[in-house]
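The values are calculated or read from the model by the stated rules, or taken from the named source; none is laboratory data. Note that this is a predicted model, so its numbers are computed, not measured. Neighbour counts are summed over all protein chains in view; Cβ atoms, including those assigned to glycine, are modelled from backbone coordinates with ideal geometry. Protein only, heavy atoms only, side chains kept; ligands, DNA and RNA dropped before computing areas. Shrake-Rupley method; radii C 1.70, N 1.55, O 1.52, S 1.80 Å.
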Amino acid sequence: VAHGDYTPFVRFRADFSAVPGTPLRFDVSADARFVLLIDGKEIARGPHKGVVNHWYYESYAVKGLTAGEHRLEAVVFDPGRKGALSILSSGKNGFILKAGGAYDAQLTTGKTVWRAAEIRTIHYGQKTDPDTMTGAETISTGTGFLDAVPVAEAWTDAAIVRPAIRYDESRSEYGFYADGWTLFPTERPDPIAVRRTCGSVRAVTDAFDKTNGLYAAEDAADARVAALQRLLGEGESFAVPSHAQMRFIWDLEDYACAYPELVVSGGKGAQIRWSWAESLYGDESSDLPIEKLYLSKGNRNEFLGKCVLRSMDDRFVCDGRTLAKFTTPWWRSGRWVEIAVETADE
């Protein structure tokens, strides 16, 4: 997929039959990022970061597959100039998988037909503040990028691209390889992934806009604080009325690096903004106008009289489905999270 400032997301898939008692073993890589799913469940993210002529692949074994048909999928994307500077790529949205044993003929790319379709409901961009290097934004319209399943007519056979490895005699008489993908087994384990709902909800207010006031003592005493805490701690559902605005501040109580995960039902047309911040800005005694509050960070344990500025934001637009799942292509970080909701008719 050719692109400039545009970030394409492509979903690859192949169906296979499990061999009872035989683990599914495979090597896998992509340009620039992949998320692997089996039967819709996420199992891995990668590849580990490298440079184009020293690109990494990971090796996995999946055990316990039940007899019968299964689907292996990969959501592949290349953030390009919109992504983190540490994500390098050749810009080709390539995907490669080598399966072992009885699964080779069913799943190895180039040996079997993988189907592919572009996901067009995701906008991945960066509105970077040059001073703080914050401001990345993912906008998911209707579906999250992992549960976005393109319509039937969007699917096509994936193109097979296998350029020969060749010497570049113009570079050296000793025969260095030409620039391009060269794969190496990773030397690193995958990062540990643990689902957590740590910390405490501190305050809630009836507003969506970040600049529409600071968190006050009455916001901390709002009855919805306890209900939102039960959402985080116990998974109890929380409903936002139609044609309403709500914004709450969530103290993670420690600095975290994480992929946000949000599951919602209904609420067609609602906007949900998830913001990450290292610290809140403001001071109860400050008389600075709100556009100047970034000059007053103060104690990062405090939230009263403060607001979220200079944050990393992701925005989700609900399509009304039941248990719609939203997450982000790249991880986020911070001590404080702010979630703002603006509903429509539902």
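Could you list, in sequence order, all residues of segment 4-42 that are aliphatic (A, V, I, L, M) and part of a strand (DSSP E or B)?
10, 14, 18, 24, 28, 30, 35, 36, 37, 38
Mind listing just one residue for me: the one in segment 293-332 that is part of a loop (DSSP other than H, G, I, E, B) and without any contact (Cβ under 8 Å) to a residue 40 or more places away in the chain and, of those, nearest to residue 207 (Cα to Cα)?
Selected residue: 302.
Kindly indicate the residue of segment 182-209 that is among the polar types (S, T, N, Q) and part of a loop (DSSP other than H, G, I, E, B) and also most open to solvent (accessible area, probe 1.4 Å) among those meeting that condition.
Going through the qualifying residues, I end up with 197.
Just to confirm my filter: which strands (runs of 3 or more DSSP E) fall fully inside segment 113-162 and include at least 3 residues that are open to solvent by less than 40 Å² (accessible area, probe 1.4 Å) and modelled with pLDDT of 80 or more?
Strands (runs of 3 or more DSSP E) meeting the threshold: 115-119.
Could you check, for segment 62-79, whether at least one of its residues is open to solvent by less than 30 Å² (accessible area, probe 1.4 Å), at pLDDT below 95 and either part of a loop (DSSP other than H, G, I, E, B) or within 11 Å of residue 26 (Cβ to Cβ) (or both)?
For segment 62-79, residues open to solvent by less than 30 Å² (accessible area, probe 1.4 Å), at pLDDT below 95 and either part of a loop (DSSP other than H, G, I, E, B) or within 11 Å of residue 26 (Cβ to Cβ) (or both): present.
Considering each of 32, 44, 14 in turn, give the residue that is surrounded by fewer than 20 Cβ atoms within 10 Å (Cβ to Cβ) and either modelled with pLDDT of 95 or more or within 14 Å of the chain's Cα centre (by Cα) (or both).
One residue alone meets the criteria, 44.
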